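Here the structure is laid out as structure tokens; the discussion comes afterwards.
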Amino acid sequence: MALLEIEGLNRAFGGLQAVSNVGFSVSAGMIKGIIGPNGAGKTTLFNLISGLTAPQSGSIVFDNKPIHGLPPHEIAGRGIIRTFQNIKLFAKMTVLENVMIGVHRNSQAGFFSGLFNTPRCWPEEIRIRRKALDMLDFLSVAHLAGCDASGLAFGQQRHVELARALAAQPRLLLLDEPAAGLNMRETEQLGIVIGKIRDLGITVLLVEHDMSLVMNVSDEINVLCFGRMIAEGKPREIQKNPEVIKVYLGDDHA
Amino acid sequence: MSCALVLQYLLSGITSGGIYAIVAIGFNIIYNTTGIINFAQGEFVMLGAMTAISFSAWMPLPAAIAAAVIITSLVGALVDMVFIRWLKRPTVLHMIIITIGISILLKEAALHIWDEKVRSLPYFTGNECSSIAFFGAHMSPQVLWVLGTCALVVLLLTLFFKYTLLGRSMRACSANRTASVLCGINVKNMVTFSFMLSAGIGALAGCVISPLTQTQYECGTPLAIKGFTVAILGGLGNSAAAVTAGLLLGIIEALSISLLPVAFKDVVAIGILLVILFFKPSGLFGNKEAGRLKEF
Amino acid sequence: MSLKRYLPIITLSVLVVAVQVAVSLTGQAFYLTQLTMAAYYTVVAVGLCMLMGYAGQISLGHAGFFAIGGYTSAALTTADFSNASHGWLGHALIKTGCMAAAEDLYGAHLVRLNPWVACLAAITATVIIAYCIGLPVLRLKGHYLAMATLGFGSIISKIVVGTKVFGGADGISGVPPFTITATFGVCGEMQYRIPNYYFAWAVVICAALLMHNLVNSRVGRALRAIHGNEEAARAMGIDTARYKLNVFVLSAVFAALSGIFLTHYNGGIGPSEASIMKSVRYVAIVAVGGMANLWGAIAAGAGLNFLSLRGYFGSYDEAVFGLILTATMLFAPQGLLVKPEWLAGITAFFRSSARGRGNGAS
């Protein structure tokens, strides 16, 4: 049963058709990779799914309910959480507080409890803190909990952003180029982490340039080029697909 | 309302509209080159008029005005060099607060150099009683001076930005600051010059409107608000549209006197500002791209 | 909840008492009047600090909310409701104490509205207006937001000066005391000077307590996230528009409350309280104290307002605030009263050597 169903998605910016008649589905529990050369429309696709941009036509159905056109915070509230290509941590907050924000969508305390510090919200605060620390632990960065988020090394920031996304207990996790800026060893570790995430029952949709990571980790891969989907299948099949090879390596090698 | 009365209102509106347009153009020049909105723009207008009034006591009027324009331009340059030049990557909030602070300092300096008395320059031709008949309406010859000055400023600025090297360099800075630096343009000097230019034309506007509206140390702030309204109305950064928008605001304001009590005349301009900001921040003539603010 | 978290509040309370005792003992009790007024102005700064420092939204029109609070309660408590006191509604209101018979200066019979009712009406008006204004205004950013709030403050200022009900250029005077208990009311009378001082600072401490709680709560985190990166906050499920609006309204209520109390204390209010200059002052105070520094805002608010009210700045009053604004933004954009880096470095050094460990980052 498909968790996410996309059909006939279209989005243009000015004269440029960024996403053109894209459709595919993601089954629960799978890891699906989206690859394609630069400018293929991968980030636009993510922005469309997460609600940062609205599609001009087409439909996005999540868990049998349409989500296209909803504001980003509502889509996040339904369980679709994303990370960003250029890491967007919250400056002037500690690592722990950044991850605690992840738990926001699953907690209740509002303005009144906040202002008067009512005892009703104390257990929830403890729960939020616990969850955040657990996620930091899962990604082996618990020792950074008290540090200022902006002072971390790049690889550590990636881990913190991932912890924050996981703290939100997503049903569908959108990873936007998570291996960008990582070296080979860190990329391997990332692959293992993504596997562990799938073991937690989270469906993963992954946009990536690093071929070894995508091929190793994905159950299925979709290839985008100039906004259009040109191939879909298992990693083995995609590697042999002549269209895909032409797009990446040019005509001579087809 | 009789035709002559409508015409009277229109003339009054066009006169103030022209001044608003010049203040708006001053905003646009600085905004285009730097991405800053200079809340102190109104103070340049006030300073120009005040300086000219002081000088006119012992200089012939044209010389006093010329001197005032030059001195105010230098004040503009000083403002940039003392306050703006050595800011490192300020946030928008910081820029707003700094220019507000500068505006207050200039206003208070004016208060202590002159005083809170209302003054004005003498009429350029004739006096307060002379009037020209125009299709049944009466207007002071000063109105022609105002309109003529506005037209001249717009014309000269258009020629300047299109045909002179300095003007083109400034346009380059506004389009792409980094690329301009790489082309060898001294961006810091361009910024200073844009402040000088804005201050200068503001001063000229102040001088020419002074006989009609009187000058006082506080007259800068309401002018700045209206100038900003006009700049936004036309689309921030677009000076040609600012002229149209200025005339539009002036006329609407003048006609509103027939409907609202005079005390609420200023509310019309602010109301228009809020309406535009809420519904179409890119202005009447702007597109969505222009609606997004520039970075400093 | 640990005592450490409330240390600043306790320090402030002790300081408030200490100042009063010192001032009374040295026979300079007249300082208390300005300190009381400064306290009410500080309440505005506390609310604005939450809006600007933590939620990251600038407001150049908060004097407008102060004026809405002050003018509404002033107008309602000085108005004569004799015409409305007949009929069943009028009698019901008098019976429940909402309205009461009174005498004016010349002994004529009046019916006055209870200050509590007026206060409630003023707060309600503020909340409604703040929601109506905040909804469209908070969608704007940067210069547009600043100008829109400036425009709002300007409109309030013009309405207040141009309307007869609000006394025009003279403002409203003869505002009766705000009776809190049977023996005490917020008013300017000499005999109540010390209780009024404590009441005012109690209001500040309550406001600070509420804000302090909020900052450290789930909502406070969400606000700081919005300030840090609004897009990422939305992607985490935070309804940024709703949070910004609620904080805006909350800060407006603080300003209005301050206006209400100060109006009763002064016995009146004038159009200068709604002016743009006053709004700029509030922004200056928050900027000097350090945008996201609640205690800095209180210190700056108390200090600067006290000096200004005592007249220490003379005719250069506005210029001083302009200078403070500019200088702070140029030299100390993080605020003057925020721990500078070198001090933080020294503190960290002593802390780590006390623990006997060599590594710096903790």
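Look through segment B:241-280, keep the residues that are farther than 15 Å from B:I19 by Cβ and modelled with pLDDT under 80, and return whichever of them is nearest to the other protein chains (Cβ to nearest Cβ).
The extreme case among them is B:A263.
Among the residues of segment A:1-37, count how many are among the polar types (S, T, N, Q) and free of Cβ contacts under 8 Å to residues at least 24 places away in the same chain.
1
For the condition in contact with a Pro (Cβ under 6 Å, 6 or more places away or on another chain), within 10 Å of chain C (Cβ to nearest Cβ) and of a type outside the set (A, V, I, L, M), what is the one hit in A:G114, A:G79, A:G146, A:G110?
A:G79
Looking only at residues in segment B:207-225 that are within 11 Å of chain C (Cβ to nearest Cβ) and in a helix (DSSP H, G or I), which one is farthest from C:S157 (Cα to Cα)?
Residue satisfying both the conditions and the ranking: B:A224.
Yes/no per residue for (1) surrounded by fewer than 16 Cβ atoms within 10 Å (Cβ to Cβ); (2) acidic (D, E); (3) more than 30 Å from C:A225 (Cα to Cα):
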residue: C:L25; (1), (2), (3): yes, no, yes
residue: C:G47; (1), (2), (3): no, no, no
residue: C:M52; (1), (2), (3): no, no, no
residue: C:F66; (1), (2), (3): no, no, no
residue: C:L76; (1), (2), (3): no, no, yes
residue: C:N83; (1), (2), (3): yes, no, yes
residue: C:A100; (1), (2), (3): yes, no, yes
residue: C:N114; (1), (2), (3): no, no, yes
residue: C:C119; (1), (2), (3): no, no, yes
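Just to verify a result, which residue in segment A:30-44, among those that are assigned to a helix (DSSP H, G or I) and over 26 Å from A:D199 (Cβ atoms), is farthest from the other protein chains (Cβ to nearest Cβ)?
It comes out as A:T44.
Quick one: count up the residues across segment C:48-97 that are farther than 29 Å from C:L214 by Cα, in a helix (DSSP H, G or I) and aliphatic (A, V, I, L, M).
8
Taking segment B:55-114, which residues are small (G, A, S) and surrounded by fewer than 22 Cβ atoms within 10 Å (Cβ to Cβ)?
B:S56, B:A57, B:A63, B:A64, B:A66, B:A67, B:A77, B:A109
Of all residues in segment C:311-320 being surrounded by 17 or more Cβ atoms within 10 Å (Cβ to Cβ) and more than 7 Å from every other protein chain (Cβ to nearest Cβ), which is nearest to B:P90 (Cα to Cα)?
C:V320
Say whether the condition of being more than 24 Å from the chain's Cα centre (by Cα), within 14 Å of chain B (Cβ to nearest Cβ) and among the polar types (S, T, N, Q) is met by at least one residue in segment C:93-108.
No - not one qualifying residue is present in segment C:93-108.
With the requirement that a residue be under 18 Å from A:M100 (Cβ atoms) and either more than 17 Å from the chain's Cα centre (by Cα) or of a type in the set (D, E, K, R) (or both), what does segment A:159-183 give you?
A:E161, A:R164
Give the residue, chosen from A:S140, A:S107, that is under 27 Å from A:Q156 (Cα atoms), assigned by TED's automatic domain parsing to the domain that holds A:E161 and in contact with an Asp or Glu (Cβ under 6 Å, 6 or more places away or on another chain).
Step by step, each of A:S140, A:S107 is checked, and only A:S107 is under 27 Å from A:Q156 (Cα atoms), assigned by TED's automatic domain parsing to the domain that holds A:E161 and in contact with an Asp or Glu (Cβ under 6 Å, 6 or more places away or on another chain).
Pick from C:A222, C:A241, C:A233: which is at the interface with another protein chain (Cβ under 10 Å from one of its Cβ atoms), under 21 Å from A:N98 (Cβ atoms) and in contact (Cβ under 8 Å) with a residue 12 or more places away in the chain?
C:A222
What residue, among those in segment C:135-178 that are among the polar types (S, T, N, Q) and surrounded by fewer than 20 Cβ atoms within 10 Å (Cβ to Cβ), is nearest to the chain's Cα centre (by Cα)?
It comes out as C:S173.
Quick check on this structure: which one of B:F39, B:F44 is modelled with pLDDT of 90 or more, under 17 Å from B:G202 (Cβ atoms) and not β-branched (V, I, T)?
On inspection, the qualifying residue turns out to be B:F44.
Could you run through segment A:68-82 and say how many residues are in contact (Cβ under 8 Å) with a residue 60 or more places away in the chain and buried (at least 22 other Cβ atoms within 10 Å of the Cβ)?
Within segment A:68-82, residues that are in contact (Cβ under 8 Å) with a residue 60 or more places away in the chain and buried (at least 22 other Cβ atoms within 10 Å of the Cβ) number 4.
In the set B:L78, B:L93, B:L105, B:L74, which member is more than 25 Å from C:K278 (Cα to Cα), free of Cβ contacts under 8 Å to residues at least 12 places away in the same chain and of a type outside the set (V, I, T)?
Selected residue: B:L78, the only one of B:L78, B:L93, B:L105, B:L74 that is more than 25 Å from C:K278 (Cα to Cα), free of Cβ contacts under 8 Å to residues at least 12 places away in the same chain and of a type outside the set (V, I, T).
Does A:L200 meet the test of being in contact with a Lys or Arg (Cβ under 7 Å, 6 or more places away or on another chain), in the same structural domain as A:D63 (by TED's automatic domain parsing) and either surrounded by fewer than 22 Cβ atoms within 10 Å (Cβ to Cβ) or over 23 Å from A:E97 (Cα atoms) (or both)?
Criteria not met by A:L200.
Tally up the residues in segment B:132-147 that are surrounded by 14 or more Cβ atoms within 10 Å (Cβ to Cβ) and part of a loop (DSSP other than H, G, I, E, B), please.
1
Restricting the search to segment A:153-175, which residues are at the interface with another protein chain (Cβ under 10 Å from one of its Cβ atoms) and either of a type in the set (D, E) or surrounded by fewer than 19 Cβ atoms within 10 Å (Cβ to Cβ) (or both)?
Answer for segment A:153-175, where residues must be at the interface with another protein chain (Cβ under 10 Å from one of its Cβ atoms) and either of a type in the set (D, E) or surrounded by fewer than 19 Cβ atoms within 10 Å (Cβ to Cβ) (or both): just A:E161.
Can you find even one residue in segment A:145-161 that is part of a helix (DSSP H, G or I) and farther than 26 Å from A:I194 by Cβ?
Yes - at least one qualifying residue is present in segment A:145-161.
Are any residues in segment A:218-233 surrounded by fewer than 22 Cβ atoms within 10 Å (Cβ to Cβ) and not aromatic (F, W, Y), and if so, which ones?
Result: A:D219, A:E220, A:C225, A:R228, A:I230, A:A231, A:E232, A:G233.
Suppose the filter is assigned to a helix (DSSP H, G or I) and of a type in the set (A, V, I, L, M, F, W, C); does A:V223 pass it?
Considered against the rule, which asks whether it is assigned to a helix (DSSP H, G or I) and of a type in the set (A, V, I, L, M, F, W, C), A:V223 comes out as no.
Take the conditions closer than 22 Å to C:T36 by Cα and in contact with a strand residue (DSSP E or B) (Cβ under 7 Å, 6 or more places away or on another chain) and apply them to C:Y265. Does it pass?
yes
Only residues that are within 19 Å of the chain's Cα centre (by Cα) and either facing chain C (nearest Cβ under 7 Å) or more than 17 Å from B:L74 (Cα to Cα) (or both): list them for segment B:100-117, please.
Scanning segment B:100-117 gives B:I100, B:G101, B:I102, B:I104, B:L105.
Of the numbered conditions (1) at positive phi; (2) facing chain C (nearest Cβ under 7 Å); (3) free of Cβ contacts under 8 Å to residues at least 24 places away in the same chain, A:S140 fails exactly one; give the number of that condition.
Result: A:S140 fails condition (2) only.
Filter segment C:130-149 down to residues that are facing chain B (nearest Cβ under 7 Å) and not in a loop (DSSP other than H, G, I, E, B), then give me how many there are.
Count: 7.
Here are some residues: C:L323, C:L330, C:L304, C:L262. Which one is modelled with pLDDT under 85 and either among the acidic types (D, E) or assigned to a helix (DSSP H, G or I) (or both)?
That would be C:L330, the only listed residue that is modelled with pLDDT under 85 and either among the acidic types (D, E) or assigned to a helix (DSSP H, G or I) (or both).
Mind telling me which of the residues C:V249, C:V253, C:V288, C:V283 ends up being modelled with pLDDT of 85 or more, more than 9 Å from every other protein chain (Cβ to nearest Cβ) and under 29 Å from B:L106 (Cβ atoms)?
Just one listed residue meets the conditions, C:V288.
The values are calculated or read from the model by the stated rules, or taken from the named source; none is laboratory data. Only a predicted model underlies this, so the values are computations on that prediction, with no experimental measurement involved. Note that we place each Cβ from the backbone using ideal geometry, even for glycine, and neighbour counts take in every protein chain shown.
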